[in-house]
1. When the residues of segment 59-82 are filtered to those that are surrounded by fewer than 20 Cβ atoms within 10 Å (Cβ to Cβ) and closer than 19 Å to VAL412 by Cα, which remaining residue is nearest to the ligand (Cβ to nearest atom)?
2. Can you tell me how many residues within segment 407-464 are in contact with a helix residue (DSSP H, G or I) (Cβ under 7 Å, 6 or more places away or on another chain), under 29 Å from ALA118 (Cα atoms) and part of a loop (DSSP other than H, G, I, E, B)?
3. Counting just the residues of segment 499-549 that are assigned to a loop (DSSP other than H, G, I, E, B) and among the charged types (D, E, K, R), which one comes out surrounded by the fewest Cβ atoms within 10 Å (Cβ to Cβ)?
4. For segment 155-240, give me every one of the helices (runs of 4 or more DSSP H) that falls completely inside it and has 3 or more residues that are at pLDDT below 95 and surrounded by 19 or more Cβ atoms within 10 Å (Cβ to Cβ).
5. Note down all Cβ pairs under 8 Å where the first residue falls in segment 476-494 and is on the phi > 0 side of the Ramachandran plot, the second is near the ligand (Cβ under 7 Å from one of its atoms) and not hydrophobic (A, V, I, L, M, F, W, C), and they're at least six residues apart or on different chains.
6. Pick from segment 323-348 the residues that are within 11 Å of the ligand (Cβ to nearest atom) and part of a helix (DSSP H, G or I): which of them is surrounded by the fewest Cβ atoms within 10 Å (Cβ to Cβ)?
7. Does ILE485 satisfy the criteria of being farther than 30 Å from THR119 by Cβ, touching a His at 6+ places or on another chain (Cβ under 9 Å), within 16 Å of the ligand (Cβ to nearest atom) and part of a loop (DSSP other than H, G, I, E, B)?
8. Looking at this structure, is LYS112 more than 17 Å from THR409 (Cβ to Cβ), more than 14 Å from the ligand (Cβ to nearest atom) and out of contact with any Pro (no Cβ under 6 Å at 6 or more places or on another chain)?
Amino acid sequence: MVLRRDFLKLGMAAAAVPTASESKPAAPRSLVANPDADFDYIIAGGGHNALACAAYLGKAGYRCLVLEAKATLGGNTSTEQLTVPGFLHEACANTPGGLFRNNVRKELELDKFGVRFATDPAELSSLMYFSDGTAQQVWKTFDRTVQDLSRFSAKDAARLRVLYKGLSPFLQAVRRFNGAPIGYAPTVEESLMKLPDGPVWVRRMHQTMADTLMQEFESEKFRSFLTYYSTINRQLPYREHTGLDSLDQYNSRQEAGWVLVIGGTSALVQAMARAVEANQGTVLANRFVTGLILENGKCAGVRTAAGESFRAKYGVVSSMHTNQLVRMAPEALGPVYVESASMLKPLFAEMLFCVHFALNEAPRWKVGDQRITCPAVQLIGTLEDRIRQANASLEGRVYDGPSFLQVLTPTVVDPSRAPPGKHVMKFEVLAPYALEGGAAQWDEIKRGYADRLLARVRQHAENLEDQNIIARRIVTPLDIEGRNINNVGGSCHGAAENYAQAGAMRPVPGWANHRTPIPGLYQTGALTHPGGSVRGEPGRNAAWIVLEDQGKDINKIAAVS
Ligand SMILES: Cc1cc2nc3c(=O)[nH]c(=O)nc-3n(C[C@H](O)[C@H](O)[C@H](O)COP(=O)(O)OP(=O)(O)OC[C@H]3O[C@@H](n4cnc5c(N)ncnc54)[C@H](O)[C@@H]3O)c2cc1C
C-alpha cells in the first residue's frame, strides 16, 4: 500500500551519486552450469521486455523458459476486450513509438513474426485544442506544423526551428546511452560535452522543463504546445533534469507520427513470443513466480505459487519488480541493496485515469468549419495549468481545469480492433493514486469524474452524444495497480523515472547494469535502464550482460544481415 505521504517525499534526489562513467561495470562472472536444469535461462515475467530478452538469448542459442503470472502475456503492453465483445482496447500502452524507432524490431525480425505497423494515409498526425478552444493540427512534416504554429509568434517559430535542428546531437547521444547497459556507452552529458556548444545543451538538459520553456519561448501557445509533450514523459514541469523533455518528446512524435500496431500492442507481444519459440524457447502463462532457488551461492531457478520448481542451467532473468526480489531473497541480496531498493518511489503525481468507450461512430472533431477524424487528439492547458494539475495530484485531488486530456481513437487507422464501422476510444488524464481520504475513494468519485471529462471532450466533437456510446469502462490508478503486480502505486513504469531513479541509479545504484548481488540472477524490465515504455531496450540490454557473462557479444549475435 502506497501512502500519500510517500508521494510527498519526492524531488529531493540529486545527492552525490556515481555517474555511469565512475561506476565501472562489474566484471563478467564465470559460469558453472547446473547439469540438472530444464532450461539454460528462466525469465520471470512475460512482459514485452522479458520476451525481448528471451528472444535475444534464444538467438544466441540458449533455451529459455518464460514464466508469466497472468493468463495472458504482455503486462502493460496488452490489448483487451474491456467493454463489450468484439471491441479491442489498449489496457495500458497505446503507442509503441520507442520500439518502432530503435533496432529491437529489426534485430528480432518482429515483422517476420507477424507485426504490422498501421500507416495512416492522412497528412494529419494529431490534433490539439488549446484551453481557449483554438485547434492546432500537428502535421506529419515539421515544416508544416511550425508554419501553422507561427501564427502565434513568428519569433517563437524561428526559435523552435533552431532548437529542433540543434537537438540532433542530443538525440543521438540519448539513443547511444539507451541502447547499451549502464557503463557501456558514454552518458548523454559526456557525449554533449565533446561538442563546441555542449555546455549550453548540458545546462538546458539539467534545468527544469519550465525553465527551458520560459527561457526559449515568449508566446503562451508555444509553451502550452510543448508542455503537452513533456507531460507524456510523466515528468513534473518543475523537476530538475527535465529541461529537454518537451523537445525530445515533440521530436519523436513529430518524426514518427502516432505509431500503431495493427491489432493493438498485444500483436507485438505475440510476435515476440513467436520469436522466443522459434529459437527453442518456451513461454508459459499462469505461472506466478514466488521464490528463487538459491544453491551454492547462486540463483539456480524459481518456484511458482502452484508449487512447481523450474531449474536453470546458467541463471534467471527477472522482470519482476525489485520489491518482489527483495522479499524473495533479502539475505542474499544484502541489507544495502534491500534498503536502497525499498526507497524506489512510484510515479508521484503522474498516474493515469482512463475511460474506455465502445462507439458506433468515430468522433468528428471541429476544426473551423471542417469536421475531421483523428487517431490522437489532446486537450491541453498552459504550463501554469500543468503546474496546477501536478500540485492538485500531489495534494490528492483530481484536477478539473484544462491540462492534458488525451483522446485516442486507434480504429480510425486500424479498423481491425472493432466490429465493422464501429470504434474504440480512450481518454487518458493524469491523476493521483493516493486521493485525499485514501485511494479507495476512487470508487466513489470515478463516475462523476469520467462524466466531467466527457463533457469537456463533447465541446470539441460533434457526435459524442449518448446514442453514440455503446459502453464505457473506467480505469482508475487503483485499477492500474490491480492489473499488474509491477504497477506499484498505479505506476506505469514500476517506479518514477526522476533523476534519483534513472540511469545509473535504476533500480539500485551500483546494480544498474542488470546484474544483482546474487550470481546468476539478472534484472530486466521497466525498472532497469533505460526504463519504461514499449521499447524493448531494457530486454536487449539485460541480454547483452547475460551474453557477456557467457563470453558472447550481443552486437554480433543481433546483427541484421
Ligand atoms: C496506463 C498506461 C499507459 C501507458 N502508455 C504507454 C504508451 O502509450 N506508450 C509506451 O511506450 N508506454 C506506455 N506505458 C508504459 C508501458 O506500458 C510499460 O513501461 C511497459 O509495458 C513495461 O514493459 P515491461 O515488459 O518492462 O513490464 P510489464 O509490462 O509491467 O510486464 C511485466 C510482466 O511481468 C509479470 N510478472 C510480474 N511479477 C511476476 C511474477 N512474480 N511471476 C510471474 N510473472 C510476473 C506481470 O504479470 C507482467 O505481465 C503505459 C503504461 C500504463 C500503465
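1. Checking each candidate, the answer is GLU80.
2. Keep residues of segment 407-464 that are in contact with a helix residue (DSSP H, G or I) (Cβ under 7 Å, 6 or more places away or on another chain), which gives 407, 410-411, 417-418, 423-424, 427, 429-435, 439, 442, 464.
Narrowing the set further to residues that are under 29 Å from ALA118 (Cα atoms) leaves 407, 410-411, 417-418, 423-424, 427, 429-430, 464.
Checking the rest, the ones that are also part of a loop (DSSP other than H, G, I, E, B) come to 418, 464.
Total satisfying the criteria: 2.
3. That would be ARG535.
4. Because the criterion is at least 3 residues that are at pLDDT below 95 and surrounded by 19 or more Cβ atoms within 10 Å (Cβ to Cβ), the helices (runs of 4 or more DSSP H) in segment 155-240 that meet it are 220-232.
5. GLY494/HIS321; GLY494/ASN486; GLY494/ASN487; GLY494/GLY525; GLY494/GLY532
6. Kept after step one, since they are within 11 Å of the ligand (Cβ to nearest atom), are these residues of segment 323-348: 323-325, 327-328, 347.
Next, from what is left, pick out any that are part of a helix (DSSP H, G or I): 323-325, 327-328.
Working: ASN323: 19, GLN324: 19, LEU325: 25, ARG327: 13, MET328: 22.
That would be ARG327.
7. On the way: farther than 30 Å from THR119 by Cβ: yes; touching a His at 6+ places or on another chain (Cβ under 9 Å): yes; within 16 Å of the ligand (Cβ to nearest atom): yes; part of a loop (DSSP other than H, G, I, E, B): yes.
When the stated conditions are applied, ILE485 passes them.
8. For LYS112, the condition - more than 17 Å from THR409 (Cβ to Cβ), more than 14 Å from the ligand (Cβ to nearest atom) and out of contact with any Pro (no Cβ under 6 Å at 6 or more places or on another chain) - is met.
The values are calculated or read from the model by the stated rules, or taken from the named source; none is laboratory data. Everything numeric in this text was worked out from a predicted model, so none of it was measured. Note: ideal-geometry Cβ built from the backbone for every residue, glycine included; neighbour counts use all protein chains shown.
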